[in-house]
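Trainee: This is the structure I want to talk about, given as structure tokens.
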């Protein structure tokens, strides 16, 4: 089944403890992206990647890192999480021709930083 | 930066009625897309309309695009309780495939 898989689904952590949210897609998509969703603010892009070893900042990149060493994986790294990073996170992917197909989203990771 | 703004923010209708949701945006776009999100779950792509298209259909969905007014509408005909969800418009305005989402519309369909 074509899908984007995020792990974990839920995560509660403490301020300052480094964490990684994994994202993997099995559709050979070139483009991958991370979004966070907050009440009243909608979805905001954190980082995106056009292809392997090519990443760029989205609208709210502060406090986050990403890497794209392989085409299928695009992990989101929080080096020193803070409570304002408590949010619902989504990974998404699309073929380069996203104008034809749209994005495929993962099921989300609900992160709570205490 | 928010590009799409949906209207209304919330909509409640009876099963069988039609639901119309609107989206306005600010800059020129390559295409506009609509997504559905069931509570707390991932977004699901519904339909995409390119900037040179005016209307598109997919099953019970009809989307229109007016680039002169920078607006789009999504019509769901003969709504069902299962259509209860949040709906987002998203615009693709650049060469890097970035989608910019609105804040969403909450649709409730009463059985």
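The numbers here are math on the coordinates, done by the rules we state, and not lab data. Here the structure is a predicted model, which is why all the values come from computation and not from measurement. Cβ: placed from backbone, ideal geometry, glycine included. Neighbour counts: every protein chain shown.
Trainee: Taking the square root of 5 times each eigenvalue of the Cα gyration tensor, what semi-axes in Å does the equivalent ellipsoid of region A:25-91 have, largest first?
Mentor: 21, 13, 10
Trainee: Still on this structure, I have one more. Roughly what would the spin-label model give for residue A:22 and residue B:66, points 7 Å off Cα along C-beta, in nm?
Mentor: It is 4.9 nm.
Trainee: Antiparallel DSSP bridges in chain A: what percent, to the nearest 5?
Mentor: 90 percent
Trainee: Related question: Using a Gaussian network model of chain A with C-alpha springs under 10 Å, which one of A:33, A:82, A:24 is most mobile by mean-square fluctuation?
Mentor: With Cα springs under 10 Å in chain A, the top fluctuation among A:33, A:82, A:24 is at A:82.
Trainee: Calculate how large, on average over all directions, the projected area of the Cα convex hull of chain A is; give the answer in nm² to one decimal.
Mentor: Across all orientations, chain A yields a mean hull projection of 6.7 nm².
Trainee: Choose one answer from A:51, A:84, A:73: the residue with the largest mean-square fluctuation in a GNM of chain A with alpha-carbon springs under 10 Å.
Mentor: Looking only at A:51, A:84, A:73, the biggest GNM fluctuation is shown by A:84.
Trainee: Extending each Cα 7 Å along its Cβ direction at residue A:71 and residue A:2, get the distance between those two points in nm, one decimal.
Mentor: Rounded to a tenth, the inter-label distance reads 1.4 nm.
Trainee: Moving to a separate point now. If r is the Cβ-Cβ distance from residue A:54 to residue B:10 and R0 is 41 Å, what FRET efficiency results, to the nearest 0.05?
Mentor: Here the calculated transfer efficiency is 0.55.
Trainee: Then there's this: Find the Cα radius of gyration of chain B, compare it with 2.2 N^0.38 Å by division, and give the number to two decimals.
Mentor: 1.01
Trainee: At R0 = 25 Å, how high is the FRET efficiency between residue B:82 and residue A:86 if r is their beta carbon distance? Nearest 0.05 is fine.
Mentor: Using R0 = 25 Å, I get an efficiency of 0.25.
Trainee: Whole number please: convex hull volume per residue, Cα atoms of region B:69-111, in Å³.
Mentor: Per-residue hull volume (Cα only) is 94 Å³.
Trainee: Given contacts defined as C-alpha pairs under 8 Å and at least six residues apart, what's the relative contact order of chain A, whole-number percent?
Mentor: For chain A, the relative contact order is 36 percent.
Trainee: Which FRET efficiency value, to the nearest 0.05, do you get for residue B:17 and residue B:54 by plugging their Cβ-Cβ distance into 1/(1 + (r/R0)^6) with R0 = 30 Å?
Mentor: For residue B:17 and residue B:54, the calculated efficiency is 0.75.
Trainee: With viscosity set to 1.567 mPa s and temperature to 4 °C, compute the Stokes-Einstein D of region B:1-63, Rh being the Kirkwood radius across alpha carbon pairs; µm²/s, no decimals.
Mentor: The calculation lands on 96 µm²/s.
Trainee: Looking at chain A as a GNM with Cα springs under 10 Å, which of A:80, A:93, A:49 has the largest mean-square fluctuation?
Mentor: Checking each option, the largest mean-square fluctuation is seen for A:80.
Trainee: Mind listing P(r) for the protein assembly as shown? All alpha-carbon pairs, 5 Å bins, whole percents.
Mentor: Per 5 Å bin, starting at zero, the Cα-Cα P(r) for the protein assembly as shown comes out as 1, 7, 15, 19, 19, 16, 12, 7, 3, 1, 0 percent.
Trainee: Quick check: the distance between the Cα centres of region B:1-43 and region A:6-63, to the nearest angstrom?
Mentor: Each part reduced to its Cα centre gives a spacing of 22 Å.
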